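Reading through the structure tokens given below for one structure.
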Amino acid sequence: MPRPGILAALSLAVAFAALAAPAEAATIEVTIADMKFSPAAIAAKPGDTVTWTNKDFVAHTATARDKSFDVMVPAGKTASLTVDAAGTFDYFCKFHPMMKGSIAVGE
Ligand SMILES: [Cu+2]
């Protein structure tokens, strides 16, 4: 039989381990169809991943206006980006500049 003091120390250690675990990173899905990003505006937290799924038959890109990212999304494929800097990032498609989206990365 372990002494009660040891059990208490063990459960405290488990509680601290749970507290120290980083917040679960999320994946935010953006669909590209009919030459549009949907949803066009998304919100994320640093460490989250944005995944674009291109349902069109032509390639698209998610290209940041401030050049901080440039993601190629081939026809029928997915591509991902992990965001780490806070801020609002407007992006567009290099091939079809009328296609626009934005990612608001907050703390
Ligand atoms: Cu495009």
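Quick rundown of the values:
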item	result
For region 24-105: relative contact order, % (alpha-carbon pairs under 8 angstrom, 6 or more apart)	32
Heavy-atom accessible surface of region 24-105: percent carbon and sulfur, 1.4 Å	56
Size of charge dipole - region 24-105 - debye, nearest 20, with Cβ of Lys, Arg +1 and Asp, Glu -1, no other charges	240
Two-decimal log10 I(q)/I(0) for region 24-105, as the Debye equation yields it once each C-alpha is a single scatterer, q = 0.20, 0.25 Å⁻¹	-0.79, -1.25
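The values are calculated or read from the model by the stated rules, or taken from the named source; none is laboratory data. The structure displayed is predicted, hence computed values, not measured ones. Backbone-built Cβ (ideal geometry, glycine too); neighbour counts: all protein chains shown. These area figures cover heavy atoms from the full protein model, side chains too; ligands, DNA and RNA do not enter into them. Shrake-Rupley method; radii C 1.70, N 1.55, O 1.52, S 1.80 Å.
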